[in-house]
Amino acid sequence: MKTDIVIVGCGVSGLYFALNLPRDKKILMITKDEAENSDSFLAQGGICVLRDKDDYDSFFEDTMRAGHYENRKESVDIMIRSSRKVINDLISYGVDFEKENGELAYTKEGAHTKNRILFHKDETGKEITKNLLKAVKKLDNVTLKEHSTMVDIIENDGECAGIVYRDEKGKYKAVYADYTMLATGGIGGLYKHSTNFPHLTGDALAIAIKHGVKLKNIDYIQIHPTTLYTKKKKNGRDFLISESVRGEGAILLNDKGERFVNELLPRDVVANAIFEEMAKTDAKHVWLSLAPIPKEEIESHFPNICAKCLEEGYDATKEPIPVVPAQHYFMGGIYVDKYSKTSMDRLYASGETACNGVHGKNRLASNSLLESLVFAKRAANRITKTYTEAVHTNKKIDFSVYDGCEEEYRKTVLDAIEREKKKHE
Ligand SMILES: Cc1cc2nc3c(=O)[nH]c(=O)nc-3n(C[C@H](O)[C@H](O)[C@H](O)COP(=O)(O)OP(=O)(O)OC[C@H]3O[C@@H](n4cnc5c(N)ncnc54)[C@H](O)[C@@H]3O)c2cc1C
């Protein structure tokens, strides 16, 4: 099969990339699960935006400080300066951000010195992604295939010439394309405790390793300080209690009801403080009290979280809820330049799977939806401007080598993370 552009993954990154490509290009988009099952749908807290030019320095500094100053400054600058345009674009696709007196309302999360986060209740990701998905489904030039898993890229003369995937019936198919976009999200599915969908197992990373595509900082993995502690985990993932709950005033307590950390410090610092506190008494969790937040505010801003807590037997408006840290986000990934191009020609990567250096060692809350969108659009613009057709060969592909490759890929990625960790020690 031949298409112009193939996109692997239909979270915000893959979808926005497709929307920014020329309409005369034939696009195939595949996703491992159902289209709605991406981490983009799970994002709760919100999306950052540069409120006005006076906020530039503080937005830049907050992002750098959270990232331990290991961020690529050029990428941070691009993300911040592009943010307003992207938000206006989202609004034009029908995304409904919270308003106050007719103006956009801004909230705050940990490590932000100012309120600069737009949100839609506690389901910002769903609101953004469902509108982008609706827009993509209207495009005649895009074919979306669900339950289709990329198992390899096709390499031709050192360039990427498409992908191999397994379709919903278990049949392998080769798709030749002029350009390939890897928008495959994070790696939470490799961990026992994670807020991510379990099918996000870093396949693109394993494939990149196999083809010698450059990776960066793949041991930079964010642990979120607060997921709901439960003995009966559903859907294979841990339920996130968004940082914006702490941003609005919620406090962390130990078993004795004492505060032990400034809740608005960067995520890695808060998560470490919780681990230390749990270790002192061998506790399985700590507590998050929403008592400082007015009841009406809790119910209107966090309806999804309240409902989930009630399911577990906790009324978040009346009592503290048990929370525990879990794997949440992947700062490292496939190394890309400022146009989201990987080290292999005709191969692009964006979103959580890519590393353009925006997040440094630790992501600032609500920067990832923004980063995914900004750099997906840059890739689309770059490809549009420099489009050339690839030379394709009809090399015979032995599909049998892909049977059971997932297990091998998991091991490849976990081993590579361990090796990178040792390098950083
Ligand atoms: C619970 C939770 C809350 C969050 N809250 C926020 C927030 O408030 N603000 C914020 O900015 N960020 C938040 N994030 C992070 C943010 O949601 C993600 O970083 C972002 O959505 C990533 O988008 P993406 O397009 O890169 O990947 P995803 O949305 O994860 O999409 C990945 C896609 O790739 C597909 N895929 C993967 N492997 C393959 C394969 N081998 N073959 C075919 N398809 C494949 C998947 O099926 C999926 O369609 C949150 C994340 C979680 C988990």
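Some observations on this one:
- Residues of region 73-88 include none that is in contact (Cβ under 8 Å) with a residue 60 or more places away in the chain and outside any helix (DSSP H, G or I).
- Among the residues of region 335-362, those identified as more than 20 Å from ALA18 (Cα to Cα) and either modelled with pLDDT under 95 or of a type in the set (Val, Ile, Thr) (or both) are VAL358, ASN362.
- Scope region 404-425; condition of a type in the set (D, E, K, R) and either in a helix (DSSP H, G or I) or modelled with pLDDT of 95 or more (or both); matching residues: GLU406, GLU407, GLU408, ARG410, LYS411, ASP415, GLU418, ARG419, GLU420, LYS421, LYS422, LYS423
- The number of residues in region 20-55 that are farther than 26 Å from GLU243 by Cβ and either crowded, with 19+ Cβ neighbours inside 10 Å or in contact with a strand residue (DSSP E or B) (Cβ under 7 Å, 6 or more places away or on another chain) (or both) comes to 9.
- Condition met for THR113 (within 12 Å of the ligand (Cβ to nearest atom) and either in contact with a strand residue (DSSP E or B) (Cβ under 8 Å, 6 or more places away or on another chain) or not small (Gly, Ala, Ser) (or both)): no
- For the residues VAL323, VAL286, the requirement of being aliphatic (A, V, I, L, M), over 23 Å from SER366 (Cα atoms) and at pLDDT 95 or above singles out VAL286.
- Of the residues making up region 1-25, those that are among the small types (Gly, Ala, Ser), more than 10 Å from the ligand (Cβ to nearest atom) and assigned to a loop (DSSP other than H, G, I, E, B) number 0.
- When residues of region 361-400 are limited to those that are of a type in the set (A, V, I, L, M), more than 14 Å from the ligand (Cβ to nearest atom) and not in a helix (DSSP H, G or I), the one surrounded by the most Cβ atoms within 10 Å (Cβ to Cβ): ALA390
For every residue, the table says whether it meets (1) small (Gly, Ala, Ser); (2) near the ligand (Cβ under 6 Å from one of its atoms); (3) in contact (Cβ under 8 Å) with a residue 60 or more places away in the chain.
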{"site": "ILE27", "(1), (2), (3)": "no, no, yes"}
{"site": "GLY45", "(1), (2), (3)": "yes, yes, yes"}
{"site": "CYS48", "(1), (2), (3)": "no, no, yes"}
{"site": "ARG51", "(1), (2), (3)": "no, no, yes"}
{"site": "PHE59", "(1), (2), (3)": "no, no, no"}
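- Here GLU123, GLU109 are screened, and the one residue that is closer than 30 Å to VAL261 by Cα and crowded, with 24+ Cβ neighbours inside 10 Å is GLU109.
- Looking across LEU265, LEU288, LEU310, one residue alone is in contact with a Ser or Thr (Cβ under 8 Å, 6 or more places away or on another chain) and farther than 27 Å from ALA206 by Cα. It is LEU288.
- Residue, modelled with the lowest pLDDT, within region 226-250, restricted to residues that are within 13 Å of the ligand (Cβ to nearest atom) and of a type in the set (Gly, Ala, Ser): GLY236
- The residue that is nearest to the ligand (Cβ to nearest atom), counting only those in region 174-214 that are aromatic (Phe, Trp, Tyr) and modelled with pLDDT of 95 or more, is PHE197.
- In this structure, VAL164 does not satisfy being surrounded by fewer than 24 Cβ atoms within 10 Å (Cβ to Cβ), more than 12 Å from the ligand (Cβ to nearest atom) and either of a type in the set (S, T, N, Q) or modelled with pLDDT of 95 or more (or both).
The values are calculated or read from the model by the stated rules, or taken from the named source; none is laboratory data. These figures come from a predicted structure and were not determined experimentally. We place every Cβ from the backbone using ideal geometry, glycine too, and count neighbours over all the protein chains shown.
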